[in-house]
Amino acid sequence: MRISTAQFYESSAANYQKNFANVVKSSEEASSLVRVNTAADDPVGASRLLQLGQQASMLDQFSNNMTTIKGTLGQTEAVMTSINNVLQRAKELALGAGNAGYTDADRQANASELGQIEEQLLSLMNTKDENGKYIFSGSKGDIAPFSRNTDGSYTYNGDQVTLDLPIGDTQSMATNSTGWDVFQQAINTSRTQTAMTSPAVDDGRVVLSNGQVGSDVTYNAKFRSGEPYTVNFVSDTQLQITDSLGNDVTAEASQNGVFSSTSGAATQTVNFRGVDLKLNINLQAGDVPSTVITGHSFTLAAKPDSFNASRSPGNPSAALVTGTAVTNSADYHASFPGGGAILKFTSATNYDLYASPLTANSTPVSSGTMAGSTATASGVSFTLAGTPAAGDQFSVAVNTHQTQNVLDTVSQLKTALSTPTNNNPIAIQKLNAAIGSGVGNLSSGIDQLASGLSSVGGRGASLVTQTDINQSLALANTQTQGAIRDSDPAEVMTRLTLQQTMLQASQLAFSKIAQLGLFNKV
Amino acid sequence: MSLLNIGMSGLSASQSSLMTTGNNIANVDTAGYSRQQTVQGTKASQQFGNVYIGTGTTLADVRRVYNSYLDAQLQTTTSLNSDSAAYLGQVTPLDKLLSDTSTGLNGALTKFFASVQNVNAKPGDDASRQLLLSDAQALSNRFNSVSSQLNEQNANINGNLTNMADQVNKLAATVAQLNQKISEISSSGGMPNELLDARNETVRQLSTFTGAQIVEREGNVDIYLGSGQPLVMGNTVNKLEVVPGKDDPNRLALQLNRGSSTIDITSIMTGGEIGGLLRYRSTVLDPAMNELGRVALVVADQMNSIQAQGIDKNGDFGSNLFNSINSAAQMAQRSIASGNNSVGSGNFDVSIEDTGKLTINDYKVTFTSATDYTVQRLPDNTSMGSFNTATTPAPVIDGFSLKLTGGTAAAGDTFKITPTRNAAANIKTEMTDSKRLAIAAPLGAAIAAGGSGTLTIPASGQPTLTTKFDIYDAATTTAMQNGLKNSTPVKIVFGATGGATQTYQMLDAKGNPLSSGTIVPGQNNTLSLSIPLVDASGAPINDPGPPIVQRTATFDMTIAGSPGTSTAINVSLSQPGSLDNRNGTALAGLQTAQTVDTGSASKGISLSDAYGKLVEGVGSKAAQGKLDSAATEAILANAKGARDSLSGVDLDEETGNLVKYQQYYTASSQIIKAAQEIFSTLINSI
């Protein structure tokens, strides 16, 4: 085959360029050890790398979220443990105060320590996290979850929303525990009340406590359907209980309603449909039991919702709300704002009821006009003392008594212990009933807190497992990415050496052949 | 005497051969030169009695060593190689642009979603919110910069096309002139080797610019482009012009001007650099711009929609994060009226109704009458159906709808619809106040205090708003959002326990019943409830229809357990400053949600997958381009080698020839010397 001179030089130059370009590319790859620099190097691999990159970033985010959750769980657990310790101390104080040997002064000392405990509890339950948001408020991070009303009771201002963060592809975990779950749902063991209906003036002979719910199941199943009950003392040994329809249900009371009037003022327990009632017979000198005891009667029912209406300091008039009562149960259940209401007067007689908080955009839930000194709105009537003026606002807090916050428990215990008994047996019996109620509710609160703690612990354990899973996934991800993207150093170095050799050979060949030429020989 | 002539003829023949050899040596580096050889022939012999004695030699021909087949092969391989080289030169920078993490889109998308997750962890933190806004800004900037690079590439291609067409015209003119000269000289019996070589070389240079079919006809070379349009025929030249496309002024088109008429040959030009650029533009650049635009549209549309469904830090419904994709300017930009349309035909407003159904194709609209038109999907012209401009609401074709404005069309008017091409250049981050990021879900449920029973709301059971606000109908959306504010809170009150089912009633804030239903206690129950919307004064907000129907907002929630009698759930609007993050979680879910190409059989792919597809597509085309380029280079080298092997000058061979012809010359001069001696012997003997 004939090779022209121009062809020889062109093909030598082209080959040299090709070899040189290969050497440069291989040396670049040797220094970076990355095989896939652009998608053209490996299109399918590049697309897989993009997907793996996305998975890696999501795993990264999951691990960030888990760190956040660990932080909040740690703080929540610490606060809850402190609250638990405080509550245990409160329980000790309550149990100790029931000691018969305590004097009023001893109980006063316990009461003042309970007062300190109450403040401590309030401050612990209103803990803020490092961003200044309250940890027990649910999603209302700027509003303190627990606030004290004017009558000393407490209201929960937060909500029930948990803030979830994803920690795995299909798994989310709550970062917070709401005050609703941890504190508000503690069952109130003292949610029944008794009221003496006869005789009109309490003669102190028969003292019947408000009752404590011993068995929730029995209470919910049987008690609620028949209330309100009437307890009649038909003789000095027999009491009779009738339900709301008039049926005699005494058979369900313990010992068939038989009690003793002769054992002094010792406390007897009557257990009826899950409620434990404490009965004390206080006979005075010269009493004939059968005449004195017979005829007493009480009503026994679940505590109705109670309201606390307080006057706003900036009110134009000095009117106060002195009494509240549910007058229309259907209206009340249908429209009264459960989270708190504001009663606002537009004139001396016209008023509107709003749900709190009251904002510029609020619309009234109901309106009305005063009838005498009573304002009725959404089934609740408020009795006012004094004449209201336009612009008066009263904030109304609702307590339903089905559950009780430990703050309320401690507050009520403190009030009970501060009340001197002056060794009056009736006062002492009332005190014992109050202490029993307080201890029962403290236990209930501690139980609720314990379940909150175990939720925190459970989440923490789950986090540990999930962290391991995510770490393995991240490791596999990195390895797969490396397998696709990185080049094998041994292979690259071998290739580089080979190409360098080829380059040198082509240089040598060129120089040798270029010297040949007939022109030089002729 | 005749001996002298014989010697002279030998001398002159050798001299010509020496000159030809010298010519070859001098032209060793001339491009396109074919080496020449002399062909000698004998002169006619004279008759002397019974014998014929020859009279010397004559130069029959100086011929060039040339094979037209090898030459034709060289031309076709030249145009193939230029085609793939031009294509590779354009696709390689695009591949680098898209793959690189600092210039490509993937890094910005990933960082944006990581910021969303950060905000979800601490929704009340203003610093995280501000970071999210910055990352959104970075994302839209990245879309803009990639898009502007693509547009620049288009502008480059346009510029290159103009230059190359100029070159083609110059070369064609040269060929025509050479044709004329060659036919003049050939008709007078000559063989102008240099002109033939020059013409071949010119044609070869033309082949680098465009693929051409060469036909030799009566000594002329005719050049045909594309599928047979003549560029050069004999002495006449048609002009190749580059003009803005009639259908698409942004993309220059090539047309052949035959003096009396012009024809558009853009779609049939293949080969050469022009063919490579055109092939790149239609198979890589346009689909890449459309795909990038589609991803931008889905990003803007989905994120804005999710924003409108949630509550921001101020307690209002969220506003747009990115600018609206259906602004007046963008809607008009998506339709291009053909330059041939009748006067006063107006233009279409193209509004995107469903970003999920968008494809990466362009569309062509042809009017068959003043109001009826057909739509075809390019590039394979699939018919999408016939429609009428009077239909309301406008029909939705592949996710977009068309509305003719600003004039009336006539039969024969055509429009080119490019729904996604400009979206990546137009996307901008509109939100500046990080408080307006809607991270909280609008509705929250709380069990009212005082209930009995075991009712719980699981964390995933909190109410989710299922009514989707249409962010492109601002009036209705604002009315409904305000309506939701005025119509909440609502209360769900459960009836008596004790049966297999339990009834519930939904009441408004004033206690009026709105609706009722039943649940099965003890199981998870999902409630789907509708809140009728009222305005601030209590009047219902209506959908004009017809028929007139009150607007409602529906939500789903899940409850578990057995509610006691009269247990109630309050559903209310999220407060300002809420730490709820359910809407933010929906926004983060976009990273893996199937939002692109939902009309296909696979039910759609996620945003990152759509971008990944784009990168992979361009990458595989670049890889293919590299292979093509290597292959065509090898083929070209072979063809060149074959031609040079035959027609190229070899200096060693020419050196041998020089020596050879020198000897012949010396030998011929000896004949003259002998003739001279004979003459002088004859003269001296007399």
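The values are calculated or read from the model by the stated rules, or taken from the named source; none is laboratory data. The shown structure was predicted, so the numbers you read here are calculated from the model rather than taken from an experiment. Backbone-built Cβ (ideal geometry, glycine too); neighbour counts: all protein chains shown. Side chains included, ligands, DNA and RNA excluded: accessible areas come from the protein's heavy atoms. Shrake-Rupley method; radii C 1.70, N 1.55, O 1.52, S 1.80 Å.
At a glance:
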item: Search result, residues across segment B:525-552 that are open to solvent by less than 50 Å² (accessible area, probe 1.4 Å), touching a strand residue (DSSP E or B) at 6+ places or on another chain (Cβ under 9 Å) and under 27 Å from A:A330 (Cβ atoms); result: B:N525, B:L527, B:L529, B:S530, B:I531, B:P532, B:L533, B:V534
item: Residue list for segment B:568-595, restricted to those being in contact with a Phe, Trp or Tyr (Cβ under 9 Å, 6 or more places away or on another chain), within 10 Å of chain A (Cβ to nearest Cβ) and outside any strand (DSSP E or B); result: B:A588, B:Q591
item: Filter result (closer than 15 Å to B:L150 by Cα and open to solvent by less than 20 Å² (accessible area, probe 1.4 Å)) within segment B:88-112; result: B:V91, B:L94, B:D95, B:L98, B:G104, B:L105
item: Flag if A:P357 is open to solvent by less than 60 Å² (accessible area, probe 1.4 Å), modelled with pLDDT under 85 and either outside any strand (DSSP E or B) or closer than 14 Å to A:S395 by Cβ (or both); result: no
item: Condition met for B:A630 (over 20 Å from the mean Cα position of the chain (by Cα), more than 10 Å from every other protein chain (Cβ to nearest Cβ) and open to solvent by 40 Å² or more (accessible area, probe 1.4 Å)); result: no
item: Hits in segment B:481-521 - residues which are among the hydroxyl-bearing types (S, T, Y) and outside any loop (DSSP other than H, G, I, E, B); result: B:S487, B:T503, B:Y504, B:S515, B:S516, B:T518
item: Hits in segment A:335-353 - residues which are within 26 Å of the chain's Cα centre (by Cα) and either more than 14 Å from every other protein chain (Cβ to nearest Cβ) or outside any loop (DSSP other than H, G, I, E, B) (or both); result: A:S335, A:A341, A:I342
item: Extreme residue, nearest to the chain's Cα centre (by Cα), among residues of segment B:32-59 that are among the hydroxyl-bearing types (S, T, Y) and under 30 Å from B:L206 (Cα atoms); result: B:Y33
item: Number of the condition not met by B:G522 [criteria: (1) at pLDDT 90 or above; (2) surrounded by fewer than 17 Cβ atoms within 10 Å (Cβ to Cβ); (3) away from chain A (no Cβ under 14 Å); (4) under 25 Å from B:A459 (Cβ atoms)]; result: (1)
item: Sole residue being free of Cβ contacts under 8 Å to residues at least 24 places away in the same chain and surrounded by 14 or more Cβ atoms within 10 Å (Cβ to Cβ), chosen from B:E201, B:E152, B:E184, B:E194; result: B:E194
item: Listing of helices (runs of 4 or more DSSP H) fully contained in segment A:408-522 that carry 3 or more residues being within 30 Å of A:N22 (Cα to Cα), open to solvent by 30 Å² or more (accessible area, probe 1.4 Å) and of a type outside the set (S, T, Y); result: A:425-485, A:489-515
item: Within segment B:429-462, tally of residues that are of a type in the set (S, T, Y), open to solvent by 30 Å² or more (accessible area, probe 1.4 Å) and more than 11 Å from chain A (Cβ to nearest Cβ); result: 1
item: Residues of segment A:71-105 satisfying the condition of being in a helix (DSSP H, G or I), over 28 Å from the mean Cα position of the chain (by Cα) and within 14 Å of A:G438 (Cβ to Cβ); result: A:L95, A:G96, A:A97
item: Pair list, Cβ under 8 Å, 6 or more apart: segment B:408-435 residue farther than 20 Å from B:L358 by Cβ, other residue of a type in the set (V, I, T); result: B:A409/B:T371; B:A409/B:T389; B:A411/B:T368; B:G412/B:T366; B:D413/B:T366; B:T414/B:V365; B:T414/B:T366
item: Unique match (being within 14 Å of another protein chain (Cβ to nearest Cβ), surrounded by fewer than 17 Cβ atoms within 10 Å (Cβ to Cβ) and touching a residue at least 40 places away in the same chain (Cβ under 8 Å)) among A:N15, A:N22, A:N65; result: A:N15
item: Count of segment A:106-128 residues which are open to solvent by less than 70 Å² (accessible area, probe 1.4 Å), of a type outside the set (K, R) and in a helix (DSSP H, G or I); result: 13
item: Residues of segment B:117-130 classified as facing another protein chain (nearest Cβ under 9 Å) and either at pLDDT 95 or above or not in a helix (DSSP H, G or I) (or both), total; result: 4
item: Filtered residues of segment B:250-264 (kept if closer than 17 Å to B:N158 by Cα and open to solvent by 70 Å² or more (accessible area, probe 1.4 Å)); result: B:N250, B:D264
item: Evaluation of B:L358 against (1) aliphatic (A, V, I, L, M); (2) farther than 27 Å from B:N154 by Cβ; (3) surrounded by 15 or more Cβ atoms within 10 Å (Cβ to Cβ); (4) modelled with pLDDT of 90 or more (one fails), failing number; result: (2)
item: Residue in segment B:528-538 that is more than 14 Å from chain A (Cβ to nearest Cβ), without any contact (Cβ under 8 Å) to a residue 24 or more places away in the chain and more than 30 Å from B:V119 (Cβ to Cβ) present; result: no
item: Among residues of segment A:34-52, those that are at the interface with chain B (Cβ under 7 Å from one of its Cβ atoms) and surrounded by 19 or more Cβ atoms within 10 Å (Cβ to Cβ), counted; result: 7
item: Residues satisfying the stated conditions in segment B:47-71, i.e. open to solvent by 50 Å² or more (accessible area, probe 1.4 Å) and in a helix (DSSP H, G or I); result: B:S68, B:Y69
item: Elements of type strands (runs of 3 or more DSSP E) contained in segment A:163-245, each with 1 or more residues being more than 13 Å from chain B (Cβ to nearest Cβ) and touching a residue at least 24 places away in the same chain (Cβ under 8 Å); result: A:192-198, A:206-208, A:229-233, A:239-242
item: Verdict on A:S367 being surrounded by fewer than 18 Cβ atoms within 10 Å (Cβ to Cβ), within 28 Å of B:L573 (Cβ to Cβ) and within 13 Å of chain B (Cβ to nearest Cβ); result: yes
item: Residue list for segment A:114-146, filter: among the charged types (D, E, K, R), more than 10 Å from every other protein chain (Cβ to nearest Cβ) and in contact with a strand residue (DSSP E or B) (Cβ under 8 Å, 6 or more places away or on another chain); result: A:K128
item: Residue count, segment B:30-46 (criterion: within 14 Å of chain A (Cβ to nearest Cβ) and either over 24 Å from A:A6 (Cβ atoms) or in a loop (DSSP other than H, G, I, E, B) (or both)); result: 6
item: Number of positions in segment B:305-342 that are assigned to a loop (DSSP other than H, G, I, E, B), small (G, A, S) and either farther than 25 Å from B:T467 by Cβ or more than 26 Å from the chain's Cα centre (by Cα) (or both); result: 7
